[in-house]
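The values are calculated or read from the model by the stated rules, or taken from the named source; none is laboratory data. No experiment lies behind these values; they were computed from the predicted model shown. Ideal geometry is used to build each Cβ from the backbone, glycine not excepted, and the neighbour counts take in all protein chains shown.
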Amino acid sequence: MTMASRRNISSHSPFEAQIGYSRAVVSGDMVFVSGCTGYNYATGAISDDVSAQAEQCMQNIASALAEAGATVDDIVRVRYMLPDRADFPKTWPVLQKWLGKVRPAATMIQCGLMEEVMKIEIEVTAKKGAGEAGVSGDDKTLL
């Protein structure tokens with residue numbers, strides 16, 4: 001039995017160095033993406049709007065997945081963390097746009113985040129090639 005290789009992926013966010021984690025870890029065909037917030041990692045900017053933050057979270061996730069050789073279609077698990085659960089419905093149009101056809105297993109948690117300006121954090125797990133498996137029917141049953 002061979003051990004799966006491990007590769008760490010960095011977005012070069014200052015938080016990664018300060019805290020000691022990777023944006024994503026690739027192990028075999030699995031990709032574990034750390035919680036992404038609404039920061040634009042290139043500019044350091046973050047919107048006050050929860051929907052705009054959700055969009056930036058998904059862009060950050062898509063970028064990490066691409067570097068790992070995966071896509072958003074490969075996401076099998078997602079966790080949404082919000083300080084205010086009343087904000088969650090405001091993010092649904094963004095989440096539908098990114099994940100509506102994928103429909104991963106999902107959990108929403110109300111909790112405090114690291115900084116007051118953060119209104120949402122999203123963490124995903126992907127399996128490379130899972131998006132290629134295909135889906136059928138309205139209930140998206142895997143073939």
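Data overview
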read-out	value
Boolean, residue 112 is on the phi > 0 side of the Ramachandran plot and of a type in the set (Gly, Ala, Ser)	no
Selection within the stretch 52-107 - over 13 Å from the mean Cα position of the chain (by Cα), of a type in the set (D, E, K, R) and part of a helix (DSSP H, G or I)	67, 85, 87, 90, 97
Filter result for the condition that a residue is touching a helix residue (DSSP H, G or I) at 6+ places or on another chain (Cβ under 8 Å), at pLDDT 95 or above and of a type in the set (S, T, N, Q), over 11, 51	51
Residue check for residue 25: outside any helix (DSSP H, G or I), within 20 Å of residue 119 (Cα to Cα), aliphatic (A, V, I, L, M) and within 13 Å of the chain's Cα centre (by Cα)	no
Residue within the stretch 19-28 that is surrounded by 11 or more Cβ atoms within 10 Å (Cβ to Cβ) and in contact with a helix residue (DSSP H, G or I) (Cβ under 6 Å, 6 or more places away or on another chain) present	yes
Every pair of residues 6+ apart whose Cβ atoms lie under 9 Å, when the first sits in the stretch 38-52 and is over 14 Å from residue 63 (Cβ atoms) while the second is part of a loop (DSSP other than H, G, I, E, B) and aromatic (Phe, Trp, Tyr)	45/39; 46/39
